[in-house]
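The values are calculated or read from the model by the stated rules, or taken from the named source; none is laboratory data. Because the structure is predicted, anything quoted here is derived from the model rather than measured. Cβ atoms come from the backbone with ideal geometry, glycine included; neighbour counts cover every protein chain shown.
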Amino acid sequence: MSATDTHRTIDAVWRIESARLIAGLTRMVRDVGLAEELAQDALVVALEQWPQSGVPDNPGAWLMATAKHRAIDRLRRGKLLERKHEEIAREIESEQDEIASHIETALDDPIGDDLLRLVFIACHPVLSTEAQVALTLRLLGGLTTDEIARAFLVPEPTIAQRIVRAKRTLTKEQVPFEVPRGAELAGRLASVLGVIYLIFNEGYSATAGDDWMRPALCEDALRLGRILAGLVPQESEVHGLVALMEIQASRVHARVAPSGEPILLLDQDRGRWDQLLIRRGLAALERAEKLGGAQGPYALQAAIAACHARARAAAETDWTHIAALYGLLAQAMPSPIVELNRAVAVAMATGPQAGLDLVDALAAEPSLQNYHLLPSVRGDLLAKLDRHDEARAELERAASLTRNARERALLLERAAACAHGEPPG
């Protein structure tokens, strides 16, 4: 194997193993920042040795054993005399004889408790949402600081600072390395799911920049969702979220033209939708429903996505059922954005005026004042009612509010069509 191939292999191994590696080390040293440093040290050793010695049969176990030895060396070198550190050192040293068998078994377990604990640490409520997202992608997604920065169009030093501050905060607040229980589990799990879906949505509909989508972020979120579903298989909303992401991800290749322009849902070539992802999504939705979670917010959104996935053509979409599902979603998760989406479904089911009435009822909603999709939806409905001048003004306003270049161009194109009395594309 060439040095280049070895480095590609190491990169792939790191993406696969880093989360479990950091999770196992965090359990030992009780410090997520130190655990990541030790894991990175092991990666450096691999980069130095594997091109000459070859990739070991069990690279994950090799990395863990190397990191453990580094942990022991660091504790000894630092002469850490506090009782906590002495106990950690003794615990680590007592495990050395068991490394070969114990580590290999632990790393072969895809649903180990350590990984679940790490999920809850990365999304702990003492951290801001931005910090939770950055730390989740770093610790669980295996992304570099530069990759996270590029994905969210944020300067790399900003992301680096968020990650450093997040790790310091976790240490300062002495956040326990444990899975919450009882009522706390439900609240914390909702936060975890929210972070994962936020990552997915940023990939699916980029809020800023020159690209309509960032598929790599969708893939990262999907992988995290699938891991979480394996860790807590009895939690219906986890399966609901996975179902929603699988079905939405099935449209990725149909959402963008070869030249990069967005293609809206009703105009997409459904033959390009990924049927494997749709089947996976429908299966996950069925699991959520069997666990009694059919009325959960993510399961309801997945059911809406499933309606689109089952329609062989846009004209076959069951908009009446979708509108009813949005009504249930509005009860489960009251939100002006849910109401805006319900308005679209009602318009498709019963006519544009019914939808416009619902949209106009949202006009004074403070949280939607600078939300570009409100004038975008209103512009579409006005155009369908042949109120073209009003439609053009609304679409131009929507274009001025979005920070995504591709979306802005699409909105201006639709506004220009209204200026000529044509229906927006």
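Could you please let me know if residue 253 is touching a Lys or Arg at 6+ places or on another chain (Cβ under 6 Å) and touching a residue at least 40 places away in the same chain (Cβ under 8 Å)?
Considered against the rule, which asks whether it is touching a Lys or Arg at 6+ places or on another chain (Cβ under 6 Å) and touching a residue at least 40 places away in the same chain (Cβ under 8 Å), residue 253 comes out as no.
Checking 143, 135 one by one, the residue that is crowded, with 22+ Cβ neighbours inside 10 Å, within 18 Å of the chain's Cα centre (by Cα) and at pLDDT 90 or above is 135 and no other. Consider the stretch 327-345 and keep the residues that are β-branched (Val, Ile, Thr) and in contact with a Phe, Trp or Tyr (Cβ under 8 Å, 6 or more places away or on another chain). The one that is surrounded by the most Cβ atoms within 10 Å (Cβ to Cβ) is 338.
Of the listed requirements (1) at pLDDT below 95; (2) more than 19 Å from residue 266 (Cα to Cα), residue 423 misses just one: (2).
For the stretch 384-394, check the following and say yes or no: at least one residue is crowded, with 17+ Cβ neighbours inside 10 Å, under 22 Å from residue 213 (Cβ atoms) and modelled with pLDDT of 95 or more. So far as the stretch 384-394 goes, no, none of its residues is crowded, with 17+ Cβ neighbours inside 10 Å, under 22 Å from residue 213 (Cβ atoms) and modelled with pLDDT of 95 or more. Candidates 363, 354: the one that is within 24 Å of residue 412 (Cα to Cα) and not assigned by TED's automatic domain parsing to the domain that holds residue 385 is 363. The residue of the stretch 311-324 that is farthest from the chain's Cα centre (by Cα), among those that are of a type in the set (A, V, I, L, M) and surrounded by fewer than 19 Cβ atoms within 10 Å (Cβ to Cβ), is 315. Among the residues of the stretch 14-26, is any closer than 16 Å to residue 143 by Cα, surrounded by fewer than 17 Cβ atoms within 10 Å (Cβ to Cβ) and free of Cβ contacts under 8 Å to residues at least 40 places away in the same chain? Taking every residue of the stretch 14-26 in turn, none turns out to be closer than 16 Å to residue 143 by Cα, surrounded by fewer than 17 Cβ atoms within 10 Å (Cβ to Cβ) and free of Cβ contacts under 8 Å to residues at least 40 places away in the same chain. For a quick check of your reading of the model, give me the residue pairs whose first member lies in the stretch 360-372 and is hydroxyl-bearing (Ser, Thr, Tyr), whose second is surrounded by 12 or more Cβ atoms within 10 Å (Cβ to Cβ) and in a helix (DSSP H, G or I), with beta-carbon atoms closer than 7 Å and at least 6 apart or on different chains. Partner pairs satisfying both residue conditions: 367/336.
If only one of 294, 309 is closer than 29 Å to residue 232 by Cβ and in contact with a Lys or Arg (Cβ under 9 Å, 6 or more places away or on another chain), which one is it?
Working: 294 fails: in contact with a Lys or Arg (Cβ under 9 Å, 6 or more places away or on another chain).
Selected residue: 309, the only one of 294, 309 that is closer than 29 Å to residue 232 by Cβ and in contact with a Lys or Arg (Cβ under 9 Å, 6 or more places away or on another chain).
Of all the residues in the stretch 373-400, those that are under 21 Å from residue 266 (Cβ atoms), without any contact (Cβ under 8 Å) to a residue 40 or more places away in the chain and charged (D, E, K, R) number 6.
Helices (runs of 4 or more DSSP H) fully within the stretch 124-198 that include at least 2 residues being among the basic types (Lys, Arg) and in contact (Cβ under 8 Å) with a residue 60 or more places away in the chain: 156-172.
Okay, residues lined up against (1) of a type outside the set (A, V, I, L, M, F, W, C); (2) over 14 Å from the mean Cα position of the chain (by Cα); (3) modelled with pLDDT under 85:
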{"position": "167", "(1), (2), (3)": "yes, yes, no"}
{"position": "171", "(1), (2), (3)": "yes, yes, no"}
{"position": "181", "(1), (2), (3)": "yes, yes, yes"}
{"position": "186", "(1), (2), (3)": "no, yes, yes"}
{"position": "191", "(1), (2), (3)": "yes, no, no"}
{"position": "194", "(1), (2), (3)": "yes, no, no"}
{"position": "220", "(1), (2), (3)": "yes, no, no"}
{"position": "230", "(1), (2), (3)": "yes, yes, no"}
{"position": "241", "(1), (2), (3)": "no, no, no"}
